[in-house]
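Before any comments, here is the structure.
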Amino acid sequence: MRVLTASSAAAVIAGLAWRAGSLSSRGVVAATVVGGIAMTAGATWGAFLVLWFVSASLASRYGRRAKEAATGDIVAKGGARDALQVLANGGVFAAAALVSVVWPAWHGAAAVAGAAALVAAGADTLATETGTLWRGRPWSLRTRGPVPTGSSGAVSLPGSLGMVAGAILLAMAAHWTGLVPAAMIPQVAGAGVVGAVADTVIGAFWQARRWCPSCERETEQPRHRCGTPTVAWRGVSWLSNDTVNFACTVVGAVVALLL
């Protein structure tokens with residue numbers, strides 16, 4: 001009965017997010033699974049997940065047209081989150097919630113790991129959204145030079161400040177919702193920052209990049225927005241942005257447990 005109630009509540013929230021344009025149809029299914037597991041683990045898990053999703057969605061929607069115009073040549077996905085994006089950001093959190101359900105004695109550690117995973121994902125999102133709105137050009141960690149806005153593995157001062165601020169605020173939210181004790185806020189925030197930094201480093205050196213022969217531009221899109229199929233150029237072919245985001249949450253969770 002508890003699982004059914006939790007899944008139903010998650011489905012309603014995911015449906016509202018779909019109507020608001022924040023989730024794709026497949027994203028709704030993935031969000032229902034992640035949300036159902038979280039709410040089965042307890043109200044604190046569900047409340048933090050909903051708060052995280054609302055904050056991430058608002059950050060993504062703010063200035064969307066300007067950000068899409070700036071990154072349209074590069075990013076592979078935009079707009080509504082699909083199933084892979086939902087699982088990349090929330091999969092580790094859902095796994096931690098499931099651990100809390102199956103092994104209640106591990107609730108404390110699972111809560112810290114799950115919170116840090118979402119904080120890492122949120123910090124990375126805030127870094128990206130803040131940096132994209134900035135009018136200047138970010139710097140690549142790999143080339144140590146300016147790159148187009150939206151390039152993975154690039155940093156900017158506004159984006160870095162957004163990352164740290166996002167990690168602190170989300171770690172505090174994890175405490176406000178009752179998921180982690182106040183004493184764990186610094187550890188959760190710090191782990192979130194480490195996870196987001198790991199995302200940037202992996203994105204800079206190993207994430208797959210493609211090349212548009214028509215526009216002669218680097219991109220992450222299998223088919224460039226000009227309509228030309230792109231070719232593999234550098235990086236690890238299977239290491240997509242979604243995979244890098246998943247690694248970000250894993251690093252955040254592991255670092256939190258180590259701390």
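The values are calculated or read from the model by the stated rules, or taken from the named source; none is laboratory data. Because the structure is a prediction, the values reported are computed rather than measured. Cβ atoms come from the backbone with ideal geometry, glycine included; neighbour counts cover every protein chain shown. Please note that ligands, DNA and RNA were not included when accessible areas were found on the heavy atoms of the full protein model with its side chains. Shrake-Rupley method; radii C 1.70, N 1.55, O 1.52, S 1.80 Å.
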Only one of these is of a type in the set (Gly, Ala, Ser) and open to solvent by 20 Å² or more (accessible area, probe 1.4 Å): ALA120, ALA154, ALA96. Name it.
ALA154
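Name the residue, out of VAL250, VAL180, that is under 28 Å from GLY108 (Cα atoms), part of a loop (DSSP other than H, G, I, E, B), of a type in the set (A, V, I, L, M) and touching a residue at least 12 places away in the same chain (Cβ under 8 Å).
Criteria check complete, one pass: VAL180.
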Check whether at least one residue in the range 167-177 is surrounded by fewer than 19 Cβ atoms within 10 Å (Cβ to Cβ) and part of a strand (DSSP E or B), and report yes or no.
no
Criterion: over 20 Å from CYS248 (Cβ atoms) and among the β-branched types (Val, Ile, Thr) - qualifying residue of THR143, THR132, THR128:
THR143
Among (1) in contact with an Asp or Glu (Cβ under 7 Å, 6 or more places away or on another chain); (2) on the phi > 0 side of the Ramachandran plot, the one test that GLY227 misses:
(1)
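Hey, could you check the range 34-46 for residues that are small (Gly, Ala, Ser) and closer than 19 Å to THR125 by Cβ and say which is surrounded by the fewest Cβ atoms within 10 Å (Cβ to Cβ)?
The extreme case among them is GLY35.
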Qualifying residue in the range 132-144 (condition: modelled with pLDDT of 95 or more and either out of contact with any helix residue (DSSP H, G or I) (no Cβ under 8 Å at 6 or more places or on another chain) or closer than 21 Å to ILE202 by Cβ (or both)):
no
With the requirement that a residue be within 23 Å of ALA116 (Cβ to Cβ), open to solvent by less than 60 Å² (accessible area, probe 1.4 Å) and either out of contact with any strand residue (DSSP E or B) (no Cβ under 9 Å at 6 or more places or on another chain) or assigned to a strand (DSSP E or B) (or both), what does the range 202-239 give you?
ILE202, GLN207, LEU239
